[in-house]
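First up is the structure itself, then whatever we jot down about it.
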Amino acid sequence: MAAAAPAEAYAGLKTELEEIASLSGIEGLLHWDQASMMPPGAQELRGKQMAALAGVVHARKTSVKLGELIAACGGAEADAAALGEGACEFDAANVRRAHEDYRRASRVPAEMAKREAELSAAGYAAWMKAREENDWPTFSPILKEWIALVRERCALVWPELPAYDAALSDYERGLTKERLDEIFPPIRDAVSALVSEVYAAAEEKGGPVALGARASVLAGEFDADKQAALSKEVALAMGFDEKFGRLDVSAHPFTGGAGPQDTRMTTRYKSEDLSEGLTGTIHETGHALYEQGRNAKYTGQPVSAAHSMGIHESQSLLWERMVALSPQFSEFLLPKLAASFGSHFDGVTPEQLHASFNLVKRPSLIRVEADELTYPLHVILRYELECGLMDGSIEVDDLPKLWNEKMEAMLGCVPESDSKGVLQDVHWSAGAIGYFPTYLLGAAYACQIFDYARSQLPGLEEELVKGEFSRLREWLRTNVHELGSKFDTADELLIAVTGEPLKPDAFIGYLTTKYRALYGLS
């Protein structure tokens, strides 16, 4: 009978966790609505709603009942054999993830959780206003509050860790600044050197070899409604299930919603730049496919959630860069572009379309608009600033100046305004310190995963030319999406998927081979 206790407790635990997930899903829908549909006059009310709901969710996540159930199931030492007939390693991992979440939530007082929700709502509104009016002082007080609050939270939850390591743990389990400083320098050095070579070649040759003297074929005037229709067509071709999701427009593209059965994604369009809306939608569809591909057997359980932000980003970047920026995808896409935008694409070849998608932009000012070659430097810039903010070596008031100095040093350009500089990203308005590194990790993960997928899926390139994405999608679903948070670290997941922990070599090799060929470098 004693052995049955954990099994009984586990049944109760799963019920509790599913109810918490439902409440968290409501939070996700409120955020989506705030960013895409909510009237501007509802901001104050929405802040109160989100704060009230955050209090309820926090109470459930920190309840004595939940803690007792987790402990009865074994907590951090949960063993599948004790959890009842049919239990497996997923179930043991589910308990471990619940234990981690409970430890994190129970060390945050209810008042702090409420303040975080209030500050998130106020921060988003302040960021929108500051960016629109190019007014840093409108946003800086909010960021000062966030830095203080994040430091306080980190000290409560992970007192044994340096502040920035603790902040990273919210997005990439087990990641440390020390580990990042092993991964980032070789990428930074290789990318910096390659960017210099490409810039020089671009000045000499005018751009990628395939374009010759012709400008990007993705620049012009493109109707937003036609862009939206084409973006949706591509998302559906990739496998996005419209029965369980939707695509809308917001100031900053994102994917959220209430879970696998209700996945909301947003994008944005520029009439003069066809690539931003299309690649942005493909990027968010990659995120959405991860959400819709989560393990159905564990719906509402923490083990079904994405492993980490970095792994989540790898799935969006794999589709955006490995697939959409490939020459095979340009062959698939060109007839659709011609059908949607007519004479603009007369005489355009797949090679020219591929070259246009992969133009290295100079100047490279905006992270979300950056090409994949300069993008890593944008992440490293933010990483360095965040480290300084968290250890106190950088003051919030100095950020605009430091931002511009680092932009000039790393990318050879200075933003003409704070709106196109330090105010361009939404993340800090929500206190998401430690999030940015996951974008670069995601790119490295994506290369390693795609390289292995290609070795396991003979004929994949030919399928991409035809717009046949189902085999790749299902391989990712089986080998990444459905594994959820089963493993304790991203390296363990990568070993399970590819046979090796993360190595930056695949990412560096991918960029070097691709851009040397595009720009005719020896």
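Just so you know, in region 357-391 the residues that are basic (Lys, Arg) and assigned to a helix (DSSP H, G or I) include one that is farthest from PHE184 (Cα to Cα), and it is ARG367.
Among the listed residues LYS406, LYS503, LYS420, identify the single one that is more than 23 Å from LYS177 (Cα to Cα), of a type outside the set (A, V, I, L, M, F, W, C) and out of contact with any strand residue (DSSP E or B) (no Cβ under 9 Å at 6 or more places or on another chain). Give the steps one after another, and end with the answer.
Values: LYS406 fails: more than 23 Å from LYS177 (Cα to Cα); LYS503 fails: more than 23 Å from LYS177 (Cα to Cα).
One residue alone meets the criteria, LYS420.
Among the residues here, ALA35 does not qualify as at negative phi, free of Cβ contacts under 8 Å to residues at least 40 places away in the same chain and surrounded by 15 or more Cβ atoms within 10 Å (Cβ to Cβ).
Scan region 397-419 residue by residue and report those that are among the small types (Gly, Ala, Ser), surrounded by fewer than 16 Cβ atoms within 10 Å (Cβ to Cβ) and touching a helix residue (DSSP H, G or I) at 6+ places or on another chain (Cβ under 8 Å).
Within region 397-419, the first condition is being among the small types (Gly, Ala, Ser), and the residues that meet it are 409, 412, 417, 419.
In the following step, the residues that additionally are surrounded by fewer than 16 Cβ atoms within 10 Å (Cβ to Cβ) were identified as 409, 412, 417.
Result: GLY412, single match.
If we scan region 115-133, do we find a residue that is surrounded by fewer than 19 Cβ atoms within 10 Å (Cβ to Cβ) and in contact with a Lys or Arg (Cβ under 8 Å, 6 or more places away or on another chain)? Taking every residue of region 115-133 in turn, none turns out to be surrounded by fewer than 19 Cβ atoms within 10 Å (Cβ to Cβ) and in contact with a Lys or Arg (Cβ under 8 Å, 6 or more places away or on another chain).
Residue check: LEU464 meets all listed conditions (1) under 18 Å from HIS354 (Cβ atoms); (2) free of Cβ contacts under 8 Å to residues at least 40 places away in the same chain but one, namely (2).
Conditions (1) touching a residue at least 12 places away in the same chain (Cβ under 8 Å); (2) closer than 24 Å to HIS252 by Cα; (3) under 24 Å from the mean Cα position of the chain (by Cα), marked per residue:
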residue: GLU77; (1), (2), (3): no, no, no
residue: ALA93; (1), (2), (3): yes, no, yes
residue: ARG104; (1), (2), (3): yes, no, yes
residue: ARG107; (1), (2), (3): yes, no, no
residue: ALA113; (1), (2), (3): yes, no, yes
residue: ALA130; (1), (2), (3): yes, yes, yes
residue: LEU143; (1), (2), (3): yes, yes, yes
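If a residue must be under 15 Å from the mean Cα position of the chain (by Cα) and crowded, with 22+ Cβ neighbours inside 10 Å, how many such residues does region 420-438 contain? First the steps, then the outcome.
Initially, region 420-438 is screened for residues under 15 Å from the mean Cα position of the chain (by Cα), giving 425-428, 430, 432-438.
Next, only the ones that are crowded, with 22+ Cβ neighbours inside 10 Å stay: 428, 433-438.
So the count comes out to 7.
Quick grid of which residues meet (1) among the charged types (D, E, K, R); (2) closer than 21 Å to VAL157 by Cβ:
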site	(1), (2)
ALA52	no, no
ARG60	yes, yes
ILE70	no, yes
ARG104	yes, yes
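What residue, of ALA219, ALA202, ALA215, is of a type in the set (A, V, I, L, M, F, W, C), more than 19 Å from PRO327 (Cβ to Cβ), free of Cβ contacts under 8 Å to residues at least 24 places away in the same chain and out of contact with any Ser or Thr (no Cβ under 6 Å at 6 or more places or on another chain)?
Details: ALA219 fails: free of Cβ contacts under 8 Å to residues at least 24 places away in the same chain; ALA202 fails: free of Cβ contacts under 8 Å to residues at least 24 places away in the same chain.
One residue alone meets the criteria, ALA215.
State all residues of region 434-477 that are small (Gly, Ala, Ser) and either over 17 Å from ILE282 (Cα atoms) or in contact with a Leu (Cβ under 7 Å, 6 or more places away or on another chain) (or both); if no residue qualifies, say none.
At the first step, the residues of region 434-477 found to be small (Gly, Ala, Ser) are 434, 442-444, 446, 453, 455, 459, 467, 470.
Of everything in region 434-477, those that are small (Gly, Ala, Ser) and either over 17 Å from ILE282 (Cα atoms) or in contact with a Leu (Cβ under 7 Å, 6 or more places away or on another chain) (or both) turn out to be GLY434, GLY442, ALA443, ALA444, ALA446, ALA453, SER455, GLY459.
Could you tell me whether ASP165 is crowded, with 20+ Cβ neighbours inside 10 Å, under 21 Å from GLY310 (Cβ atoms), of a type outside the set (A, V, I, L, M) and without any contact (Cβ under 8 Å) to a residue 40 or more places away in the chain? Break it down stepwise before answering.
Details: crowded, with 20+ Cβ neighbours inside 10 Å: yes; under 21 Å from GLY310 (Cβ atoms): yes; of a type outside the set (A, V, I, L, M): yes; without any contact (Cβ under 8 Å) to a residue 40 or more places away in the chain: yes.
Judged against the criteria, ASP165 is a match.
Residue by residue, here is whether (1) outside any helix (DSSP H, G or I); (2) in contact (Cβ under 8 Å) with a residue 24 or more places away in the chain holds:
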site	(1), (2)
GLY123	no, yes
ILE147	no, yes
GLU152	no, yes
LEU156	no, yes
PRO159	yes, no
ASP170	yes, yes
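Could you tell me whether any residue of region 28-36 is among the aromatic types (Phe, Trp, Tyr) and under 19 Å from ALA432 (Cβ atoms)? Yes - at least one qualifying residue is present in region 28-36.
Any residue in region 43-54 that is surrounded by fewer than 14 Cβ atoms within 10 Å (Cβ to Cβ), in contact with a Lys or Arg (Cβ under 9 Å, 6 or more places away or on another chain), of a type outside the set (D, E, K, R) and closer than 24 Å to ALA166 by Cβ? For region 43-54, residues surrounded by fewer than 14 Cβ atoms within 10 Å (Cβ to Cβ), in contact with a Lys or Arg (Cβ under 9 Å, 6 or more places away or on another chain), of a type outside the set (D, E, K, R) and closer than 24 Å to ALA166 by Cβ: absent.
Take the conditions within 30 Å of VAL465 (Cα to Cα) and surrounded by 17 or more Cβ atoms within 10 Å (Cβ to Cβ) and apply them to HIS378. Does it pass? For HIS378, the condition - within 30 Å of VAL465 (Cα to Cα) and surrounded by 17 or more Cβ atoms within 10 Å (Cβ to Cβ) - is not met. Please specify each residue of region 237-254 satisfying the condition of being modelled with pLDDT under 95 and buried (at least 17 other Cβ atoms within 10 Å of the Cβ). Listed by number, the residues that qualify are SER250, HIS252, PRO253, PHE254. Name the residue that is farthest from SER192 (Cα to Cα), counting only residues in region 412-431 that are of a type in the set (A, V, I, L, M, F, W, C) and in contact (Cβ under 8 Å) with a residue 60 or more places away in the chain. Checked region 412-431; the qualifying residue farthest from SER192 (Cα to Cα) is ALA430. Out of VAL191, VAL209, VAL234, I need the residue that is modelled with pLDDT under 95 and buried (at least 20 other Cβ atoms within 10 Å of the Cβ). Which one? Within the list VAL191, VAL209, VAL234, the selection yields VAL191.
Filter region 194-204 down to the residues that are touching a Phe, Trp or Tyr at 6+ places or on another chain (Cβ under 7 Å) and not β-branched (Val, Ile, Thr), then identify the one that is surrounded by the fewest Cβ atoms within 10 Å (Cβ to Cβ). Quick ask: steps written out before the conclusion?
Here is the first cut: in region 194-204, the residues touching a Phe, Trp or Tyr at 6+ places or on another chain (Cβ under 7 Å) are 194, 198, 201-202.
After this cut, where a residue has to be not β-branched (Val, Ile, Thr) as well, the list is 194, 201-202.
On the way: LEU194: 21, ALA201: 20, ALA202: 17.
The qualifying residue surrounded by the fewest Cβ atoms within 10 Å (Cβ to Cβ) is ALA202.
How do the helices (runs of 4 or more DSSP H) wholly within region 263-343 filter down when requiring 1 or more residues that are more than 21 Å from the chain's Cα centre (by Cα): which remain?
Details: elements: 274-292, 309-317, 327-341.
Hits in region 263-343: 274-292, 327-341.
Of all the criteria given as (1) outside any helix (DSSP H, G or I); (2) touching a helix residue (DSSP H, G or I) at 6+ places or on another chain (Cβ under 7 Å), the one not satisfied by HIS252 is (2). If you go through region 134-151 and keep only what is out of contact with any Lys or Arg (no Cβ under 9 Å at 6 or more places or on another chain) and not charged (D, E, K, R), you end up with TRP136, PRO137, SER140, PRO141, ILE142, LEU143, TRP146, ILE147, ALA148, VAL150.
Residue pairs whose Cβ atoms lie under 9 Å apart, sitting 6 or more positions apart in sequence or on different chains, and linking a residue in region 14-26 that is at pLDDT 95 or above to a partner that is aromatic (Phe, Trp, Tyr), are LYS14/TYR298.
The values are calculated or read from the model by the stated rules, or taken from the named source; none is laboratory data. Keep in mind it's a predicted model, so treat the numbers as computed, not measured. A quick note on method: Cβ atoms are made from the backbone with ideal geometry, for glycine too, and the neighbour counts reach across all protein chains shown.
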